[in-house]
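A.B. asks: Here's a structure for you.
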């Protein structure tokens, strides 16, 4: 067995962002190779570099073919596909208005002979391949578990979400690929559907197909891959067998984050604590008279059930954290609370305000303010203008001006840059600006969505200090974080969210010692 | 109403008294087929009037000066439009959506202001006299061309080429992951569209004694776009139906002469609101049915379907 795909020192930067920063790896022919890493680690960028959607800045991507190794870098995507590299997309990219069969037929494009003349003057002998292709397409659909004939021809967008994911795999298989790249094939699926994806990958591999699997679901990746590489900030931080990778300290730190230097660095599930730690943290006392009370909340995006029967509460003066892996449903919960999404069922009350029916601006005026993921500052407006917009709902202009001046003093980073366009601030400074902007709406409850996302470690410290400070000043905080250890350090209580459910809850310190937390991130 | 009554009761008489209208419908139908090809591949190009001008001027000039036979002039006119399509396509086909539309409008304007109105041989702003025109004989090639072109384009959508176009229209990124050479296939669609527009221009010169440069501006381009929008683009018949309908409309509305453009605009808005997929939808010619009616029908039907 030779090497099918060999990456040597591949580099791709976007401006100052080192999306892929010198990655080398080798995928053996016949392997199922896993590529994992936290959000923003560069996994999809790497796939786009291999498949020709992005140009490498340096390094080589070589594909083993029967005629020797071929350089893929600098080939356009269709040429890479022509060499037998098929892929699926993280966000579905089906031909939405074509039927399932038509989607698969398009996938056969490189091996379909040009039949333009034959079709223009319908010559039967030249059209013979048509029926065979149709049969093959139906076969592929059955192969991935899609019975297309069941309900007649209908556009692909009307299929259920899971079926659409399966259809993308069938379309990729239509190429008869030598390497199949699956970019999060199980995203948004429930456990039973994920099992079927796992079975399919294993079957295809048993028939000789080499698979490169990218997914956030550690159970899936650890379950099917014999070889895994871990990316973080564009670099490969570990590779090897699933067992080796999942116990690698660098990997655990990349996924769970790192505690601040001042406390002893203990990793959840590390041996000496494991022995004493209870398997399940005792549920922390739920607040008796919560400021925010969520009961049996269900949220869905079309066919995807993102949040399943979630209940929790936040009392006045608390910091409560929702932690869990990417795609667990944390941001969906916050967006539902601030009125941007409407739940399918359940209740959410903030004081006397019914969050499931109140309009987003009514919710902000009621004192529930969200600082969104990715910060969402207005890059072309100055720092001051961004802050002024944060007070949009208020009528007391003079008080607002005074508060802005105070904020500039409290956060000198902002004061010094008050007349700079906000887009010129660093990621961490932008996050502090976003929090300050949120404060100007006079929140009684501040929702923070991934405040440390994509930030360098020192900036993470700065942002967490800010959160601690505003909490001491009396603001109640509901925090969503992937950086679990930092969040647990800060939080009075926390809830661990996994695939839309609350898996565990407890005080921050109890959860920090609970091995189940690590499982929720890294798989069991 | 006389218009319809005559069409139904006395088709031969109708044809004889509306020959020019019929010829114009035919030319517009070919233009509609031309924009359909680029639409089918997902490209919003508005260069058709420009390619039409190239076809028209080339044909007339070749029949005036070298005095070559007319069919050859028309062929060369269409092919030159196609060649211009390659030249224009190379820089602009990297653009998408509204940017492509703006760039192709730029081409039309540049051609009109920069070349046609500036080069002595085209008669500049005066236009060109075309003494060889034959308004009655000219209708024959138009009427023959329409079924042939309709058939060919309909078949084309079923080939490997047409399948690639549909894929590009639905999702360019996915299409290239399926091994489709997206720039090449877009270019092919663009050039076929240019050739067809050039051909329509060539045919039009044959029924008019005068080539008028103001015919080939932005308003013509927008008119061609409306054929496709009103008729619908999921099927080659859509733009053709749109062209015939919109060409006949001013005649039908003669009795409200002063408000013709207003009513034209109102009809366009109504079609866009109530039938965004065009008169000819994916399922073929369906009745115009507003969405709220459809919804009510479904609610009423649901208990039955649950059984």
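The values are calculated or read from the model by the stated rules, or taken from the named source; none is laboratory data. Remember, predicted model here, so these are calculated numbers, not experimental data. Positions of Cβ are backbone-derived with ideal geometry, glycine not excepted, and every protein chain shown enters the neighbour counts.
Residue by residue, here is whether (1) crowded, with 18+ Cβ neighbours inside 10 Å; (2) over 24 Å from residue B:207 (Cα atoms) holds:
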position: B:35; (1), (2): yes, no
position: B:67; (1), (2): no, no
position: B:82; (1), (2): yes, no
position: B:88; (1), (2): yes, yes
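A.B. asks: Does residue A:64 qualify as being away from chain B (no Cβ under 14 Å) and under 22 Å from residue A:180 (Cα atoms)? Break it down stepwise before answering.
C.D. replies: Details: away from chain B (no Cβ under 14 Å): yes; under 22 Å from residue A:180 (Cα atoms): yes.
Yes: the conditions hold for residue A:64.
A.B. asks: A follow-up question, please. Just give me the residues in the stretch B:127-161 being modelled with pLDDT under 90 and either under 16 Å from residue A:97 (Cβ atoms) or facing another protein chain (nearest Cβ under 8 Å) (or both), in sequence order.
C.D. replies: Matches in the stretch B:127-161: B:155, B:156, B:157, B:158, B:159, B:160.
A.B. asks: Only one of (1) closer than 27 Å to residue A:111 by Cβ; (2) touching a strand residue (DSSP E or B) at 6+ places or on another chain (Cβ under 9 Å); (3) at pLDDT 90 or above; (4) surrounded by fewer than 23 Cβ atoms within 10 Å (Cβ to Cβ) is not met by residue A:155, so which one is it?
C.D. replies: Against the list (1) closer than 27 Å to residue A:111 by Cβ; (2) touching a strand residue (DSSP E or B) at 6+ places or on another chain (Cβ under 9 Å); (3) at pLDDT 90 or above; (4) surrounded by fewer than 23 Cβ atoms within 10 Å (Cβ to Cβ), residue A:155 comes up short only on (3).
A.B. asks: Give me the pairs: first residue in the stretch A:34-54 and modelled with pLDDT under 90, second residue assigned to a helix (DSSP H, G or I), beta-carbon distance under 6 Å, and six or more apart or on different chains, which are they?
C.D. replies: Matching pairs, first to second residue: A:36/A:221; A:37/A:43; A:38/A:254; A:38/A:255.
A.B. asks: Pick from A:371, A:383, A:364: which is within 13 Å of residue A:432 (Cα to Cα), in the same structural domain as residue A:446 (by TED's automatic domain parsing) and either in contact with a strand residue (DSSP E or B) (Cβ under 6 Å, 6 or more places away or on another chain) or modelled with pLDDT of 85 or more (or both)? Working first, answer last.
C.D. replies: Values: A:383 fails: in the same structural domain as residue A:446 (by TED's automatic domain parsing); A:364 fails: within 13 Å of residue A:432 (Cα to Cα).
Only one candidate qualifies: A:371.
A.B. asks: Filter the stretch B:28-67 down to the residues that are in contact with a helix residue (DSSP H, G or I) (Cβ under 8 Å, 6 or more places away or on another chain) and over 16 Å from residue B:192 (Cα atoms) and list them by number.
C.D. replies: B:28, B:56, B:57, B:58, B:59, B:60, B:61, B:62, B:63
A.B. asks: Tell me which of these residue A:189 doesn't satisfy, since it passes every other one: (1) under 26 Å from residue A:242 (Cα atoms); (2) modelled with pLDDT of 85 or more; (3) in a loop (DSSP other than H, G, I, E, B).
C.D. replies: Failed condition: (2).
A.B. asks: Could you tell me how many of the residues in the stretch A:175-202 are touching a strand residue (DSSP E or B) at 6+ places or on another chain (Cβ under 8 Å) and either within 16 Å of residue A:86 (Cβ to Cβ) or within 13 Å of chain B (Cβ to nearest Cβ) (or both)?
C.D. replies: 11
A.B. asks: For the stretch A:65-78, which residues satisfy the criterion of being crowded, with 16+ Cβ neighbours inside 10 Å, modelled with pLDDT of 90 or more and in contact with a strand residue (DSSP E or B) (Cβ under 7 Å, 6 or more places away or on another chain)?
C.D. replies: A:72
A.B. asks: Still on this structure, I have one more. For residue A:335, which of the numbered conditions (1) assigned to a loop (DSSP other than H, G, I, E, B); (2) surrounded by fewer than 22 Cβ atoms within 10 Å (Cβ to Cβ) fails to hold?
C.D. replies: If we test residue A:335 against (1) assigned to a loop (DSSP other than H, G, I, E, B); (2) surrounded by fewer than 22 Cβ atoms within 10 Å (Cβ to Cβ), just (1) comes out false.
A.B. asks: In the stretch B:112-137, which residues are over 13 Å from residue B:211 (Cα atoms) and more than 25 Å from the chain's Cα centre (by Cα)?
C.D. replies: B:118, B:119, B:120
A.B. asks: I've got another one for you. Considering only the stretch A:479-500, how many residues are over 20 Å from the mean Cα position of the chain (by Cα) and buried (at least 24 other Cβ atoms within 10 Å of the Cβ)?
C.D. replies: Residues flagged as over 20 Å from the mean Cα position of the chain (by Cα) and buried (at least 24 other Cβ atoms within 10 Å of the Cβ) within the stretch A:479-500 amount to 4.
A.B. asks: Out of contact with any helix residue (DSSP H, G or I) (no Cβ under 8 Å at 6 or more places or on another chain) and either crowded, with 23+ Cβ neighbours inside 10 Å or modelled with pLDDT of 85 or more (or both): is that true of residue A:473 in this structure?
C.D. replies: Yes; evaluated as a whole, the condition is true for this residue.
A.B. asks: Assess whether residue B:173 counts as being in a helix (DSSP H, G or I) and within 7 Å of chain A (Cβ to nearest Cβ).
C.D. replies: yes
A.B. asks: Hey, another quick one. Among the candidates B:107, B:36, single out the residue that is farther than 23 Å from residue B:146 by Cα and in contact (Cβ under 8 Å) with a residue 24 or more places away in the chain.
C.D. replies: B:107
A.B. asks: Next question, about the same structure. For the stretch A:10-31, check the following and say yes or no: at least one residue is within 30 Å of residue A:206 (Cβ to Cβ), within 18 Å of the chain's Cα centre (by Cα) and in the same structural domain as residue A:235 (by TED's automatic domain parsing).
C.D. replies: No, there is no match, as no residue in the stretch A:10-31 is within 30 Å of residue A:206 (Cβ to Cβ), within 18 Å of the chain's Cα centre (by Cα) and in the same structural domain as residue A:235 (by TED's automatic domain parsing).
A.B. asks: Select, from A:418, A:375, the only residue that is touching a helix residue (DSSP H, G or I) at 6+ places or on another chain (Cβ under 8 Å) and in contact (Cβ under 8 Å) with a residue 40 or more places away in the chain.
C.D. replies: A:375
A.B. asks: Here's a check for you: in the stretch A:79-125, which residue that is under 30 Å from residue A:69 (Cβ atoms) and loosely packed, with under 15 Cβ neighbours inside 10 Å is nearest to the other protein chains (Cβ to nearest Cβ)?
C.D. replies: A:114
A.B. asks: Something else: Looking only at the stretch B:176-186, count every residue that is in a helix (DSSP H, G or I), surrounded by 24 or more Cβ atoms within 10 Å (Cβ to Cβ) and within 7 Å of chain A (Cβ to nearest Cβ) and tell me the total.
C.D. replies: Going through the stretch B:176-186 one residue at a time, the tally reaches 1.
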